[in-house]
Amino acid sequence: MKAEGGICTCKGAIQERIVRHCAPTLAGIKCGSMFRMRGSSGDIIEAVRAVNRILQSTGVSVMVLRSWQDAVLVYVYRPEMLSRVVSDNRVREFLAGFGYCSDGYASNLRHLVSRYGGDAMPHEVGVFLGYPLDDVKGFIDDRSGCTCSGCWKCYSDPAEAECRFRRCRQCTSRCVEMFVSGMTLDAMASELPMLA
């Protein structure tokens with residue numbers, strides 16, 4: 001992404017990526033979504049900060065989970081929803097096995113960022129993406145037991161998962177149409193949860 005007149009031109013690109021990859025989070029269907037964006041990490045990080053300011057009043061936050069010289073892993077989440085997920089007793093017990101504390105979503109996010117320090121993907125990230133705990137555990141414990149896949153790999157109830165996959169796909173299609181028609185990211189994040 002190049003700067004024109006000192007302004008990062010990747011702000012629009014990151015907004016489009018958020019719509020395409022994070023629509024279920026914008027709509028309040030999932031607590032979080034993430035995507036990797038290639039380009040100068042400095043430019044992308046500035047764009048993430050700008051978009052986070054735009055979304056500040058909508059109940060959606062954007063942050064960097066990891067950056068490389070030529071790419072950034074962007075996490076879009078709804079703090080209120082994430083807080084409910086990580087305060088569930090089963091989830092807290094599961095995350096404790098990876099060194100997470102139960103002090104709330106912010107400290108858990110800090111620990112997640114630290115877990116991205118190595119080369120391996122911390123697979124417990126599925127919890128932060130709103131995947132069912134049984135599916136996250138199934139992926140970690142026995143990848144061969146997958147019952148179906150869509151937005152994530154399911155290891156529990158395939159019928160329920162297929163319904164959630166379909167809802168996420170429909171939400172993404174609808175959000176892309178609205179964005180292309182001129183609806184702003186902050187309007188989507190504010191209005192869609194009321195329609196979900």
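Just so you know, all these numbers are worked out from the coordinates, no wet-lab data involved. Since we're looking at a predicted model, the values are computed, not measured. We place every Cβ from the backbone using ideal geometry, glycine too, and count neighbours over all the protein chains shown.
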Test set (1) surrounded by fewer than 21 Cβ atoms within 10 Å (Cβ to Cβ); (2) over 23 Å from residue 51 (Cα atoms) - residue 127 fails condition number = (1)
remark   = Restricting the range 163-190 to residues that are out of contact with any helix residue (DSSP H, G or I) (no Cβ under 7 Å at 6 or more places or on another chain) and either surrounded by 15 or more Cβ atoms within 10 Å (Cβ to Cβ) or among the basic types (Lys, Arg) (or both), the one nearest to residue 61 (Cα to Cα) turns out to be 183
note = The helices (runs of 4 or more DSSP H) lying wholly within the range 20-96 that contain at least 1 residues that are touching a Phe, Trp or Tyr at 6+ places or on another chain (Cβ under 8 Å) and farther than 14 Å from residue 126 by Cα are 41-55, 79-87
query = Is it the case that the range 161-168 has a residue that's assigned to a loop (DSSP other than H, G, I, E, B) and of a type in the set (Phe, Trp, Tyr)?
reply = no
Total residues in the range 139-160, condition more than 17 Å from residue 30 (Cα to Cα) and not in a loop (DSSP other than H, G, I, E, B) = 9
query = Just checking, how many residues over the range 101-120 are in a loop (DSSP other than H, G, I, E, B), free of Cβ contacts under 8 Å to residues at least 12 places away in the same chain and surrounded by 12 or more Cβ atoms within 10 Å (Cβ to Cβ)?
reply = 1
